[in-house]
1. Just a yes or no: is a residue in the range 114-137 aliphatic (A, V, I, L, M), modelled with pLDDT of 90 or more, surrounded by 17 or more Cβ atoms within 10 Å (Cβ to Cβ) and part of a helix (DSSP H, G or I)?
2. Could you list, in sequence order, all residues of the range 138-168 that are at pLDDT below 85 and either farther than 28 Å from Phe56 by Cβ or in contact with a strand residue (DSSP E or B) (Cβ under 8 Å, 6 or more places away or on another chain) (or both)?
3. Can you name the residue in the range 215-229 that is buried (at least 16 other Cβ atoms within 10 Å of the Cβ) and more than 21 Å from Arg171 (Cα to Cα) and is also nearest to the chain's Cα centre (by Cα) among such residues?
4. Would you check which residues across the range 233-247 are charged (D, E, K, R), surrounded by 15 or more Cβ atoms within 10 Å (Cβ to Cβ) and either in a loop (DSSP other than H, G, I, E, B) or more than 26 Å from the chain's Cα centre (by Cα) (or both) and list them?
5. For Met209, only one of the following conditions fails: (1) of a type in the set (A, V, I, L, M); (2) surrounded by 20 or more Cβ atoms within 10 Å (Cβ to Cβ); (3) within 30 Å of Leu50 (Cβ to Cβ). What is its number?
6. Regarding Leu97, is this residue outside the structural domain of Thr189 (by TED's automatic domain parsing) and in contact (Cβ under 8 Å) with a residue 40 or more places away in the chain?
7. From the residues in the range 209-241 that are farther than 26 Å from Glu185 by Cβ, out of contact with any Lys or Arg (no Cβ under 8 Å at 6 or more places or on another chain) and among the acidic types (Asp, Glu), which one is modelled with the highest pLDDT?
8. Working only within the range 63-109, note down all residues that are in a loop (DSSP other than H, G, I, E, B) and of a type in the set (Gly, Ala, Ser).
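The values are calculated or read from the model by the stated rules, or taken from the named source; none is laboratory data. Bear in mind that the values here come from a model prediction, so they are computed numbers and not experimental data. Note: ideal-geometry Cβ built from the backbone for every residue, glycine included; neighbour counts use all protein chains shown.
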Amino acid sequence: MRELRLLFLRPYMQRRGFRQSRENAGGTGMSDKILIVDDDREIRDVLRILLTGEHFEVAEASGGEEALTYLAEHPGGVDLVILDVMMEGISGYHVCLQLREQWNVPVLFLTAKSQESDLTMGYSSGGDDYLVKPFSYPELLARVKGLLRRYQVYRGKPESVQEEAEWCGLRVSLTANMVWRNDRELDLTDTEWRILRMLVQNRGKIFSMENLYESVWKETYFPSSSNTVMVHIRRLREKVEDDPRHPEYIKTVWGKGYRVG
């Protein structure tokens, strides 16, 4: 099976100048380190070959406990975790929950499940994005680069004077993940805050699924991306609205998208 997978990848790797041997996969000039967590060695091998070919530094863990140990031994040394959901022993969801107790590193889930309940579980456990198998290499690369870009911006953002946008008792910081409703601070994920910030800053403007995804995630929109947007909007409403089924703030404009105001 491993030989078949590498045979499938070989023409693409040769066009991009990928090095196929384990010893030479690294190369020089790497900056961002990605931790691949999967109990399937073949998948780790393929991901390592693809990512090192794009000049990322790669570390591997065959299970959840090993991944958590690696993160503890390399504080601040990982810029992105690619985490399989279904693993023997501790699941990817539980790994993410434990990871979030100590680190803010972005997490990209890999899974064969595509139901909304599975997406909700992933985001609820602290995941930043979700990639459903089978996926294309361009989609993987777009998600990886998008998460890394946002993480670097987030880490490098100075703590400066807070600017805020306010509407009907909803107050949103424009520079940091802080949101208040009627002076009560809300606990939003970074992605939820970015969505709300964009909507509140542009009150009355309708954002389509594609526009919202590419503006917030900074990635190319794929058909599967609509599920990601809908799950985040639903969870955001659960935190912001009194009655999420009859939202006061985040309105759905049927056939067009979402707006505030």
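1. Taking the range 114-137 as the starting set, the residues that turn out to be aliphatic (A, V, I, L, M) are 119, 121, 131-132.
Narrowing further to those that are modelled with pLDDT of 90 or more: none.
There is no residue in the range 114-137 that is aliphatic (A, V, I, L, M), modelled with pLDDT of 90 or more, surrounded by 17 or more Cβ atoms within 10 Å (Cβ to Cβ) and part of a helix (DSSP H, G or I).
2. Tyr151, Glu159, Ser160, Val161, Gln162, Glu163, Glu164, Ala165, Glu166, Trp167, Cys168
3. Of everything passing the filter in the range 215-229, Trp217 is nearest to the chain's Cα centre (by Cα).
4. Correct list: Glu241 only.
5. In the conditions (1) of a type in the set (A, V, I, L, M); (2) surrounded by 20 or more Cβ atoms within 10 Å (Cβ to Cβ); (3) within 30 Å of Leu50 (Cβ to Cβ), Met209 misses (2) alone.
6. On the way: outside the structural domain of Thr189 (by TED's automatic domain parsing): yes; in contact (Cβ under 8 Å) with a residue 40 or more places away in the chain: no.
For Leu97, the condition - outside the structural domain of Thr189 (by TED's automatic domain parsing) and in contact (Cβ under 8 Å) with a residue 40 or more places away in the chain - is not met.
7. Taking the candidates together, the pick is Glu210.
8. In the first step, residues of the range 63-109 are kept if they are in a loop (DSSP other than H, G, I, E, B); the result is 63, 74-79, 85-91, 101-106.
Residues satisfying the conditions are Gly63, Gly76, Gly77, Gly89, Ser91.
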